[in-house]
Amino acid sequence: MQKALPIKNQMNGVFIHVSNLKKSADWYTNLLGLEIDLESVKSPVFNVPIKGTTSLTLDDHTFDPAFKHEPSNAPVFNFYTEDIDEALLFVKDNNIEVVREIEWVEDTAWFNIKDPDDNVIMICNC
């Protein structure tokens, strides 16, 4: 019998590093069609109410003044869409910066956007 490993094959959460917690909370909740009371957003973190088992936490590093955010040019995670074309129109209509247009590989399609802190986020149909 194989011994259980101390690290589980399970992803619990994604942390996004931000400079302005309320602005980022507003941006992410608007992108996802969620309503929040921005007065309830308190530093240092805000947990975006995501469906599923993986959480999305915005972190402004209030308690870590030495932290220096350096965004990646590659996506840090992806949001799911059933209709990639409709999703692209939605982000463009909402003046969200698209940094990579739709690409297809067989039945899989994606495009990339930037959040207010230049974090690259992928929108994908799988």
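The values are calculated or read from the model by the stated rules, or taken from the named source; none is laboratory data. Quantities reported herein were computed from a predicted structural model and do not represent experimental measurements. Methodologically, a virtual Cβ is constructed for each residue, glycine included, from the backbone with ideal geometry; neighbour enumeration extends over all protein chains shown.
Consider the stretch 46-56 and keep the residues that are surrounded by fewer than 18 Cβ atoms within 10 Å (Cβ to Cβ) and β-branched (V, I, T). The one that is nearest to V91 (Cα to Cα) is I50. Within the set of pairs 6 or more residues apart or between chains, which connect a residue that is not assigned by TED's automatic domain parsing to the domain that holds D85 inside the stretch 103-126 to a residue that is at pLDDT 95 or above and among the small types (G, A, S) with Cβ atoms less than 9 Å apart? Between residues of the stretch 103-126 that are not assigned by TED's automatic domain parsing to the domain that holds D85 and residues that are at pLDDT 95 or above and among the small types (G, A, S), there is no close pair. Here the stretch 15-35 is the region considered, the condition is being among the aromatic types (F, W, Y) and farther than 22 Å from A66 by Cα, and the residue that is surrounded by the most Cβ atoms within 10 Å (Cβ to Cβ) is Y28.
Given the options N73, N119, N112, N95, name the one that is crowded, with 16+ Cβ neighbours inside 10 Å, out of contact with any Lys or Arg (no Cβ under 7 Å at 6 or more places or on another chain) and not hydrophobic (A, V, I, L, M, F, W, C).
Working: N73 fails: crowded, with 16+ Cβ neighbours inside 10 Å; N112 fails: out of contact with any Lys or Arg (no Cβ under 7 Å at 6 or more places or on another chain); N95 fails: crowded, with 16+ Cβ neighbours inside 10 Å.
The unique qualifying residue is N119.
Filtered by the rule that a residue be more than 13 Å from the chain's Cα centre (by Cα) and of a type in the set (S, T, N, Q), the stretch 22-71 gives S40, S43, T53, T62.
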